[in-house]
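First the structure, in the form of structure tokens, and then the observations on it.
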Amino acid sequence: MAADSSSSEAKVHIVYTERPEDEEPEAYHIKTLTSVLGSEDAAKEALVYSYKHAASGFSAKLTPDHVSQLLKQPGVLQVVPSQTLQLHSGPGKAQV
């Protein structure tokens with residue numbers, strides 16, 4: 001498989017949002033994702049984790065187009081790629 005991945009491949013991003021006032025955080029996060037992904041089922045499938053205590057936000061599998069659309073949504077403060085690193089054995093096998 002080539003080292004370059006398709007620009008439309010979904011990768012995990014962290015989405016920082018305003019803290020919802022009248023709604024449970026996870027419901028707010030799903031609603032925000034639904035506005036971009038088109039359905040609640042797609043939003044639930046993409047959602048990796050909903051942050052509720054130290055920060056307000058969620059991690060989700062998103063394409064670059066989804067990231068652009070999310071940045072335009074009310075209450076979305078920042079979207080950043082997840083910094084998860086994978087270790088591989090052998091020379092030339094590590095991917096970042």
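The values are calculated or read from the model by the stated rules, or taken from the named source; none is laboratory data. Keep in mind it's a predicted model, so treat the numbers as computed, not measured. Methodologically, a virtual Cβ is constructed for each residue, glycine included, from the backbone with ideal geometry; neighbour enumeration extends over all protein chains shown. SASA here: full protein model, heavy atoms, side chains in, ligands and nucleic acids out. Shrake-Rupley method; radii C 1.70, N 1.55, O 1.52, S 1.80 Å.
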Inset, instruction - Take segment 56-73 and flag every residue that is open to solvent by 80 Å² or more (accessible area, probe 1.4 Å) and within 14 Å of VAL12 (Cβ to Cβ). - result: LYS61
Inset, instruction - Tell me which residues, restricted to segment 42-55, are open to solvent by less than 70 Å² (accessible area, probe 1.4 Å) and part of a loop (DSSP other than H, G, I, E, B). - result: ALA55
Inset, instruction - Identify, from the list VAL79, VAL67, the residue that is outside any helix (DSSP H, G or I), modelled with pLDDT of 95 or more and of a type in the set (A, V, I, L, M, F, W, C). - result: VAL79
Inset, instruction - Looking at (1) exposed (fewer than 12 other Cβ atoms within 10 Å of the Cβ); (2) touching a residue at least 12 places away in the same chain (Cβ under 8 Å), find the lone condition where SER39 falls short. - result: (2)
